[in-house]
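Peer 1: Please find one structure pasted underneath; my questions will follow.
The values are calculated or read from the model by the stated rules, or taken from the named source; none is laboratory data. Predicted model, so just to flag it, every value in this text is computed and none were measured. All Cβ positions, glycine included, derive from the backbone under ideal geometry; neighbour counts span all protein chains shown.
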Amino acid sequence: MKAGRRSFLKNAGLGALGLAASKAFPAGAEGAKAGGGPRWAMLIDTRKCLEEKECAKCAEACHEAHNVPTLPNPRHEVKWIWKENFREAFPDQEAEYFDEVLTSSKMLVFCNHCDKPPCTRVCPTQATWRRADGVVMMDWHRCIGCRYCVAACPYGSRSFNWIDPRPHLANVTPTYPTRTRGVVEKCTFCEERLPEHRSPACVEACEAKAMMFGDLADPTSEIREVLRTRFAVRRRPGLGTHPEIFYLV
Amino acid sequence: MLEKALVGNRSYWGWLALLAGIIAVGAFFYLRQFAVGLGITGLSRDVTWGFYIAQFTFLVGVAASAVMVVLPYYLHNYKAFGKMTILGEFLAIAAVIMCMLFIFVDMGQPTRVLNVILYPTPKSLMFWDMVSLSGYLVLNVLISHVTLDAERKGIAPPSWIKPIIILSIPWAISIHTVTAFLYSGLAARPFWMTAVLAPRFLASAFAAGPALLILMTLLIRRLTRFDPGREPLQRLAVIVTYAMTMNVFLILMELFTGLYSAIPEHVAHFKFLYVGLEGNTTLVPWMWTSVVLAVLALVLLLNPHTRGKEKTLIVACLAVFFSIWIDKGLGMVVTGFVPSPLGHVTSYWPTLPEVAISVGIYAVGALVITIFYHIALSVRGEIAH
């Protein structure tokens, strides 16, 4: 009985997240260790993205799909994907004489799903971890809300629920869990869509086709092809976190 | 022995009642926070740790500082601290309890806090902080109980406690070192990522803790018949002098490295502290107050004449305590978040509920200290009779 209740709770917790990591990627999870599974990454063509300066379709789609609330107080803001000034997204880049189109514009930022994530290292309850396919995951049922991961993330990608987010959802997407107050959340690379072989919601919503999602482990993938032929940068590579979001400049 | 806590005069009970009232106010506001969430604090998306975590950090130092009376007495056989060790240990117990409460009230999901034990994670420094703090609490409860019990019976403490007391010395160092590691291992926060953070924490702790102990000893000497004599207080004052000098020295090391290297992300934090950043000067008046108090304290402490006089020593100890409290209890934690890794400057100031909860926790500490000191002095009263 005990074991039954325990596994029920466990499954309920993971079930609420969509699908358990192991179930979603039965081959991928093990395969990646042997070098065979996928390793998800994203590529952003900043020039294409900047064509529509006011466009926020990706963020809207993401926040709608994942029940990210719109909070009245900016201090309590929760966001998974948003636009940030070039200098702030890339503080290491001395941008004085760059093309103004670039430096005066806003860059799309979200969780980098680092290969060596500093956030998962500090979590005292293993409520956030890196999957073998590269997705940095969150367990909102285990998180104690200590915000150590927020302090450790060099990209400001993590949000904390300072108040109950549920009253601040215009529409609730029933297929995705809502969160409670007092837990940390962030982009999960749409892990709920990956087993269905669907691209992340932001990629799908981008009309300019400025975002590309792909498998770095596959040398023949489109994303690898672009990375081979064009110059891409990552945010703050000097910290050794190995971000998996690439920016074409 | 605990029954001695129940016997006291009117002022004893009046003081306890006052503290209980303050605790009740804190508890009221905590229930509000529990219902609404941490949104009722001044914290925000960019400044995610604030007053609670800063008080925790400061108090870990106070707890660790008990070692400054324990070490001379047990390792160097410095007899003059004989009457003081129990006060140091009780102060440590109260401080650790306050630390744990400050961590607890900072949790977004306090009901899940035992997950830290259910899913022990050695790669997280927070796990080690829990281990070292709770271990330190157990050590001090055990040591103070055994030694005080022996004193009550008029016998020497059992010999098995000696190695445990010796163990408590490196353990005290460890609690503040691990607390510093919570911060100094984060590449995202250049202000904290300095190897000198742990030594600086220890130096400031060994100044602020003994300064508090001197002040409390003088206070209970006024209120009771307890009198440790002049020598231990003067010796503690020397310890405060050395530690405070070291602390100021280490702060200057930080400033030199940060400012002379002129790396913008390092300089920005010091700007925020001492001159303000992007018009935000929240901490500037406080930090300069801390500087002035530190200079005042050093002048009064380094001069043997003013250190030797009780009145000026009191001023010096108050200056040390508040200078370090501002530095650690206000400046150190928040500045790690300002500017944020993305360069944003967000102002933070604790709200009324946040302050009321914090004052409530300090009142819990005061209550614990009052009761424990009362017990210790009652036991000693028995011996005198």
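Peer 1: Does B:Ser159 satisfy the condition of being hydroxyl-bearing (Ser, Thr, Tyr), more than 11 Å from every other protein chain (Cβ to nearest Cβ) and in a helix (DSSP H, G or I)?
Peer 2: When the stated conditions are applied, B:Ser159 does not pass them.
Peer 1: Of everything in region B:291-347, what is surrounded by 16 or more Cβ atoms within 10 Å (Cβ to Cβ) and not in a helix (DSSP H, G or I)? Give them in sequence order.
Peer 2: B:Gly336, B:Phe337, B:Val338, B:Pro339, B:Ser340, B:Pro341, B:Leu342, B:Gly343, B:His344, B:Val345, B:Thr346, B:Ser347
Peer 1: Is it the case, given these coordinates, that B:Leu301 is under 23 Å from the mean Cα position of the chain (by Cα) and at pLDDT 95 or above?
Peer 2: The answer is yes for B:Leu301.
Peer 1: B:Phe102 - would you say it is modelled with pLDDT of 95 or more and more than 9 Å from chain A (Cβ to nearest Cβ)?
Peer 2: yes
Peer 1: Among B:Ala268, B:Ala294, which is in contact with a strand residue (DSSP E or B) (Cβ under 8 Å, 6 or more places away or on another chain) and in contact (Cβ under 8 Å) with a residue 12 or more places away in the chain?
Peer 2: The conditions single out B:Ala268.
Peer 1: Follow-up question, since we're still on this one. Step by step: first the residues of region A:87-122, then only those that are surrounded by 23 or more Cβ atoms within 10 Å (Cβ to Cβ) and in contact with a helix residue (DSSP H, G or I) (Cβ under 7 Å, 6 or more places away or on another chain), then the one that is farthest from the other protein chains (Cβ to nearest Cβ). Which residue is that?
Peer 2: Selected residue: A:Leu108.
Peer 1: Now, a different point. I need every pair where a residue in region B:10-37 that is surrounded by fewer than 12 Cβ atoms within 10 Å (Cβ to Cβ) has its Cβ under 7 Å from the Cβ of a residue that is in a helix (DSSP H, G or I) and modelled with pLDDT of 95 or more, sequence separation at least 6 or different chains.
Peer 2: Matching pairs, first to second residue: none at all.
Peer 1: Checking the condition at pLDDT below 95, polar (S, T, N, Q) and touching a strand residue (DSSP E or B) at 6+ places or on another chain (Cβ under 6 Å), which residue from A:Thr46, A:Thr128 passes?
Peer 2: A:Thr46
Peer 1: Going through region A:122-146 one residue at a time, which ones are among the charged types (D, E, K, R) and over 17 Å from the mean Cα position of the chain (by Cα)?
Peer 2: Scanning region A:122-146 gives a single hit, A:Arg142.
Peer 1: Check B:Ile117, B:Ile86 and return the single one that is under 23 Å from B:Ile371 (Cα atoms) and out of contact with any Pro (no Cβ under 9 Å at 6 or more places or on another chain).
Peer 2: From the options B:Ile117, B:Ile86, the qualifying one is B:Ile86.
Peer 1: Just name the residue that is farthest from A:Glu84 (Cα to Cα) out of those in region B:347-357 that are modelled with pLDDT of 95 or more and within 12 Å of another protein chain (Cβ to nearest Cβ).
Peer 2: By that ranking, first place goes to B:Thr351.
One line per residue, one yes/no per condition, for (1) over 20 Å from B:Phe321 (Cβ atoms); (2) modelled with pLDDT of 95 or more:
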site	(1), (2)
B:Leu236	no, yes
B:Thr241	no, yes
B:Thr245	no, yes
B:Ile251	no, yes
B:Leu255	yes, yes
B:Glu265	yes, no
B:Lys271	yes, yes
B:Val275	yes, yes
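Peer 1: Of the numbered conditions (1) in contact with a Ser or Thr (Cβ under 9 Å, 6 or more places away or on another chain); (2) more than 22 Å from A:Phe160 (Cβ to Cβ); (3) of a type in the set (A, V, I, L, M, F, W, C), A:Phe98 satisfies every one except a single condition; which is it?
Peer 2: Here A:Phe98 meets the rest and fails (1).
Peer 1: Moving on to the next point. Quick check on region A:142-161. Is at least one of its residues among the hydrophobic types (A, V, I, L, M, F, W, C), within 22 Å of A:Ala201 (Cβ to Cβ), more than 8 Å from chain B (Cβ to nearest Cβ) and outside any strand (DSSP E or B)?
Peer 2: No, every residue in region A:142-161 fails to be among the hydrophobic types (A, V, I, L, M, F, W, C), within 22 Å of A:Ala201 (Cβ to Cβ), more than 8 Å from chain B (Cβ to nearest Cβ) and outside any strand (DSSP E or B).
Peer 1: Further question: Going by what's in this entry, would A:Glu185 be described as within 18 Å of the chain's Cα centre (by Cα) and within 14 Å of chain B (Cβ to nearest Cβ)?
Peer 2: The answer is yes for A:Glu185.
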